[in-house]
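First comes the structure, then the notes that go with it.
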Amino acid sequence: LCGVQLVSENRCYSHTAEMAEEAKKLAAYAAVDNHIQNNQVVGVGSGSTIVYAVDRLAERVRQEKLKIVCIPTSFQARQLILQHGLSLSDLDRHPDLDVAIDGADEVDDSLTLIKGGGGCLTQEKIVAGCAKHFIVIADYRKDSKALGQQWKKGVPVEVVPMAYVPVSRAITRRFGGEAVLRMAISKAGPVVTDNSNFILDWKFEHAQNWKEVNTAIKMIPGVVETGLFVGMAEKVYFGMEDGSVKVR
Ligand code: 5RP
């Protein structure tokens with residue numbers, strides 16, 4: 001459709017956006033239907049795709065009278081859980097999760113993820129790490145052969161505020177590219193995470209050994225967490241443009 005010259009750029013954009021929303025919903029519904037059962041403790045991710053998963057979860061809890069306890073990965077997730085009347089808990093009371101469902105910014109061939117587009121990567125990684133099964137939901141635009149091919153904003157790295165300059169220099173000295181402080185949309189100041197930290201977006205220049213890179217960046221003093229999720233995702237559900245769901 002978007003190749004047709006008569007279609008204006010705006011209509012083209014809204015068509016793509018609509019398709020992506022439908023794809024997010026398809027992925028989210030399929031994941032909830034395939035992985036959620038009665039009496040589970042469920043990690044709830046952050047972002048726009050997870051909203052559909054929580055919609056479906058709430059629907060199933062109501063219809064099937066499921067007993068589900070939800071662990072949020074962010075303030076947004078906490079609000080979603082409460083707004084949907086789901087049971088909210090935390091890792092103090094429920095440190096062992098059955099399943100965590102979350103979105104991603106990019107997924108490569110070996111299920112390595114970039115996450116943290118919304119700045120919630122630290123809590124997302126903690127919650128995913130506590131879950132027996134970590135299931136990812138995404139639209140077709142996140143599906144990638146190699147990280148960096150689709151997501152152009154780089155790898156988010158959460159840092160203690162006083163360390164953002166030394167951490168940025170250490171990352172670029174060792175791995176190249178540039179690591180830029182994420183600013184609020186208003187540009188009035190930096191984005192501040194749920195943990196009161198800053199985010200650096202590291203725009204890397206070429207593919208790397210992501211496991212090694214993740215470990216090395218985590219060793220830099222002042223780094224709280226990276227948005228590289230290596231060896232964590234068990235399955236990824238991609239909602240596709242043609243209305244199907246691809247599972248990897
Ligand atoms: C937030 C995240 C999100 O899960 C990721 O950015 C995907 O978001 P969306 O579902 O809106 O595409 O990691 O920190």
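Read-outs throughout are calculated quantities, based only on the coordinates presented, and are distinct from any laboratory measurement. This is a predicted model, so every value here is computed, not measured. A quick note on method: Cβ atoms are made from the backbone with ideal geometry, for glycine too, and the neighbour counts reach across all protein chains shown.
Once you keep just the Cα pairs under 8 angstrom separated by 6 or more residues, what percentage relative contact order results for the range 125-231?
In percent, rounded to a whole number, it is 33.
What fraction of the DSSP beta bridges in the chain is antiparallel, stated in percent and rounded to the nearest 5?
The answer is about 50 percent antiparallel.
Using +1 on the beta carbon of Lys and Arg, -1 on that of Asp and Glu, and nothing else charged, what's the dipole of the range 146-248 about the Cα centre, debye to 20?
Here the range 146-248 has a charge dipole of around 220 debye.
Within the chain, which complete DSSP H helices have Cα atoms spanning at least 24 Å along the helix axis and a mean Kyte-Doolittle hydropathy of -1.0 or higher?
Passing helices, by number: 9-35.
Tell me the relative contact order for the chain as a rounded percent, counting alpha carbon contacts under 8 Å between residues six or more apart.
Relative CO of the chain lands at 22 percent.
Using a simple spin-label model with points 7 Å from Cα along the Cα→Cβ vector, what separation in nm is obtained for Leu181 and Lys132?
Placing both labels 7 Å along Cα→Cβ, they lie 4.5 nm apart.
List the lysines whose Cα lies under 27 Å from the Cα of Lys246, skipping any in the same chain that are fewer than 8 positions away.
Hits, sequence-local ones excluded: Lys24, Lys25, Lys115, Lys125, Lys132, Lys142, Lys145, Lys152, Lys153, Lys211, Lys235.
Sequence gap at least 6, Cα distance under 8 Å: using those rules, report the relative contact order of the range 26-143 to the nearest whole percent.
31 percent.
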